[in-house]
Amino acid sequence: MNTTMKSWLPPLALLALAVVLYFALPYNLAFLTRILIMAVLVLSLDLVLGFAGIATLGQAAFYGAGAYAAGLFAIHVWADPVAGLLVAGLAGAALAFVSGLIVLRTHGLTLIMLTIAVASICHEIANKARDVTGGADGLRGIRMEPVLGLWQFDFIGKTGFWYALTVLAVVFVLLTLIARSPFGLSLRGIHESPERMTAIGVSVYWRRVTAYTLGGGIAGLAGALSAQVTQLVSLESFSFTLSAEALIMLILGGTGRLYGAVLGTLVFMWVHHWAAANDPFNWLFVIGGLVLAVVFFLPRGIIAIPTALKRLGGRHAGT
Amino acid sequence: MQGLEVRGLTKRFGGLTVSEDIDFDLVPGDRKALIGPNGAGKSTFSNLVTGILRPSAGTIRFDGMDIGRLSEAQRVKRGIAKTFQITTLFRDLTVRENLALTILERQGRGYQMLRRAGRHADTGAEVAALIDQFKLEALADTRVADLAYGQQRLVELAMTLALKPRVLILDEPAAGVPSSETHLIIDAIEALPPELAVLIIEHDMDLVFRVARQIIVLVQGRILTEGTPQEIATNAQVRELYLGGHGHD
Ligand SMILES: Nc1ncnc2c1ncn2[C@@H]1O[C@H](COP(=O)(O)OP(=O)(O)O)[C@@H](O)[C@H]1O
Ligand SMILES: [Mg+2]
């Protein structure tokens, strides 16, 4: 089997898993769809953090921008889902571009603080502009037309599931292509050594702004999916918690390898769901323990389990 | 004028003057060396010319054009390239990827997002030629971090040449390289394209006397003297100040 085929194996397995879950859990489609949407957000973070090495705790800013853009667009302009998706992607990208121009002039802790600041400013604006956004009550009254004029959103969530899965798959393929492209290679280069990158004639700043903008656009798509599927946008979409959880999911799964982002989302959401149902007060400890375990034993994330096992096996065979 | 023309270059860090009123020319075909004790301001001079640092005073012209306001990346695009005093590479990428990335950027393909990086035949051919030229075949698919330091130095040199520069500044190319491998570096420098303008900043006197045709001695940020290797080797001031301790003859 050649390496190209091999590299598509994990994502195809995940796709198959999604289909299996769809049939296995027909009454949990809303939850499954939520996982798919989060996976899109975490993928956007993988581009920004895992590939471009931009440590951000404010990815929710673009998710929220996409969610509100999609909601407002559906209410006031056109309720077509795909058109709304594109508008939201542009909104997320535009906000990422404008804020990135400033944020990406800084590094380290300052950068992290600024990304948090951008998201909280958005939160505050959405809160104050209640005439437009519904403020703390959330944006209501979103009524979507059928997807591509064919599939009406149903209350069980079948359409929502397939719609979100399709968008996730498209984003995944797109990011896979980007990862292998000259642009993707240059992001790895920046991650490795910005000094060397500059020394081969590259403006690291503009390259990072581009990656940040793309990541913002993809986060915007995730926000749009959420708005369209749940027909509601709340202030939570700009929340620090969302940014932080997305980061934890990415670290759980492993950065820089797209399927790690998806896997991390799946595991986090599942544990969260399960632990919160069994013990609504202490579920955070379970998540905390999981994160610590991964950080200590699998610093490269869950995707590194096969290699770790192999190494363990090898050591045993050797001794 | 073709090449570099530096006039009255001065750099101060607070009260400390690290470069003082330096005049310097580098034209195609030059093989100049900049020597001087540690802390003389050699790396600072290189950083001023390449745009990593901004001068406090003075002008830098390249092919007659003032480049003092250009960023480091813009100067590289115009043909001024340097290697670092401490090897700086993409350590987690292979030798081939390091070279390919450099060439793709020089070709202006850095923003291509949907085509595979390895699909450009002309890039691949250039990478192969450089690997061949620097005899790196056996190491081409090894991660740079796994190479010996001398080999990393060669990769860095190959990468810098991949930029097709017209001015090349080598900051202590033999620093940290075991003496058993220094000849690799010297061979590579001697094989540089003849029309390239080369400035070598170096401590290793063997290397300097092998490859330089003109030597500039920098002391406390000022040019002490300038001349052929013969003249420098016999200059009493230089011998006392710089070569005395090293015992070169
Ligand atoms: N960024 C800086 N800020 C303050 N002083 C510096 C800086 N960079 C270099 N120096 C000082 O300038 C002097 C020359 O340094 P450098 O150019 O690295 O010398 P060389 O390369 O000849 O050994 C040293 O005294 C060093 O401490
Ligand atoms: Mg130095």
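The values are calculated or read from the model by the stated rules, or taken from the named source; none is laboratory data. Since we're looking at a predicted model, the values are computed, not measured. Don't worry about glycine lacking a Cβ; one is built from the backbone with ideal geometry, like all the others, and counts go over all protein chains shown. What goes into the accessible areas is simple: the full protein's heavy atoms, side chains included, and nothing from ligands, DNA or RNA. Shrake-Rupley method; radii C 1.70, N 1.55, O 1.52, S 1.80 Å.
For B:ILE80, are the conditions met, namely being more than 22 Å from A:THR4 (Cβ to Cβ) and touching a strand residue (DSSP E or B) at 6+ places or on another chain (Cβ under 6 Å)?
Taking the combined requirement at face value, the residue satisfies it.
Regarding the stretch B:36-53, can at least one residue be identified that is surrounded by fewer than 16 Cβ atoms within 10 Å (Cβ to Cβ) and of a type in the set (Phe, Trp, Tyr)?
Checked against the condition, which is being surrounded by fewer than 16 Cβ atoms within 10 Å (Cβ to Cβ) and of a type in the set (Phe, Trp, Tyr), the stretch B:36-53 yields no hits at all.
Among the listed residues B:LEU26, B:LEU101, B:LEU9, identify the single one that is modelled with pLDDT of 95 or more and under 14 Å from B:VAL167 (Cβ atoms).
B:LEU26
Which one of these is within 16 Å of ligand 1 (Cβ to nearest atom) and hydrophobic (A, V, I, L, M, F, W, C): B:LEU48, B:LEU70?
Testing whether each residue is within 16 Å of ligand 1 (Cβ to nearest atom) and hydrophobic (A, V, I, L, M, F, W, C) leaves just B:LEU48.
Of all residues in the stretch A:273-308 being in a helix (DSSP H, G or I) and touching a residue at least 40 places away in the same chain (Cβ under 8 Å), which is nearest to A:LEU9 (Cα to Cα)?
Restricting to residues being in a helix (DSSP H, G or I) and touching a residue at least 40 places away in the same chain (Cβ under 8 Å), the top hit is A:ILE303.
Please find, within the stretch B:73-100, the residue that is nearest to A:TRP206 (Cα to Cα) out of those that are assigned to a strand (DSSP E or B) and of a type in the set (Ser, Thr, Tyr).
By that ranking, first place goes to B:THR83.
Test each condition in (1) open to solvent by less than 40 Å² (accessible area, probe 1.4 Å); (2) within 12 Å of ligand 1 (Cβ to nearest atom); (3) in contact (Cβ under 8 Å) with a residue 60 or more places away in the chain for B:PHE24 and report the one that comes out false.
(2)
Looking at the stretch B:127-152 only, could you name the residues that are within 14 Å of chain A (Cβ to nearest Cβ) and open to solvent by less than 50 Å² (accessible area, probe 1.4 Å)?
B:VAL127, B:LEU130, B:VAL144, B:ALA145, B:GLN152, listed by residue number.
Looking at the stretch B:66-95, I want the residues that are touching a residue at least 24 places away in the same chain (Cβ under 8 Å) and under 18 Å from A:LEU185 (Cβ atoms) and have a partner that is part of a loop (DSSP other than H, G, I, E, B) and open to solvent by 20 Å² or more (accessible area, probe 1.4 Å) with Cβ atoms under 7 Å, at least 6 apart or on another chain. Which pairs are those?
From residues that are touching a residue at least 24 places away in the same chain (Cβ under 8 Å) and under 18 Å from A:LEU185 (Cβ atoms), the pairs are B:THR94/B:ASP141; B:THR94/B:THR142; B:VAL95/B:THR142.
Tally up the residues in the stretch B:158-182 that are within 13 Å of ligand 2 (Cβ to nearest atom) and within 13 Å of chain A (Cβ to nearest Cβ), please.
Result for the stretch B:158-182: 3.
Can you pull out every residue in the stretch A:163-199 that is hydrophobic (A, V, I, L, M, F, W, C), more than 17 Å from B:GLN112 (Cα to Cα) and within 10 Å of another protein chain (Cβ to nearest Cβ)?
Matches in the stretch A:163-199: A:ALA199 only.
Quick check on this structure: which one of A:GLY264, A:GLY256, A:GLY260 is within 25 Å of A:GLY66 (Cα to Cα), small (Gly, Ala, Ser) and either open to solvent by 80 Å² or more (accessible area, probe 1.4 Å) or not in a helix (DSSP H, G or I) (or both)?
Going through A:GLY264, A:GLY256, A:GLY260 in turn, the sole match is A:GLY256.
Out of the residues in the stretch B:213-230 meeting the condition of being open to solvent by less than 10 Å² (accessible area, probe 1.4 Å) and away from ligand 2 (no atom under 16 Å from the Cβ), tell me which one is farthest from the other protein chains (Cβ to nearest Cβ).
Applying the filter and picking the extreme gives B:GLY227.
Go through the stretch B:33-72 and count every residue that is under 30 Å from B:LEU241 (Cβ atoms), part of a strand (DSSP E or B) and more than 12 Å from ligand 2 (Cβ to nearest atom).
So the answer is 5.
Are there any helices (runs of 4 or more DSSP H) wholly within the stretch A:1-104 with 1 or more residues that are charged (D, E, K, R), and if so which?
So the answer is A:3-24, A:29-45.
Considering only residues of the stretch B:82-96 that are modelled with pLDDT of 95 or more and more than 7 Å from chain A (Cβ to nearest Cβ), which is least open to solvent (accessible area, probe 1.4 Å)?
B:VAL95
Out of all the residues in the stretch B:106-125, is one or more among the β-branched types (Val, Ile, Thr) and facing chain A (nearest Cβ under 7 Å)?
no
Quick one: which residue in A:SER239, A:SER203 is within 14 Å of chain B (Cβ to nearest Cβ) and out of contact with any Pro (no Cβ under 7 Å at 6 or more places or on another chain)?
The unique qualifying residue is A:SER203.
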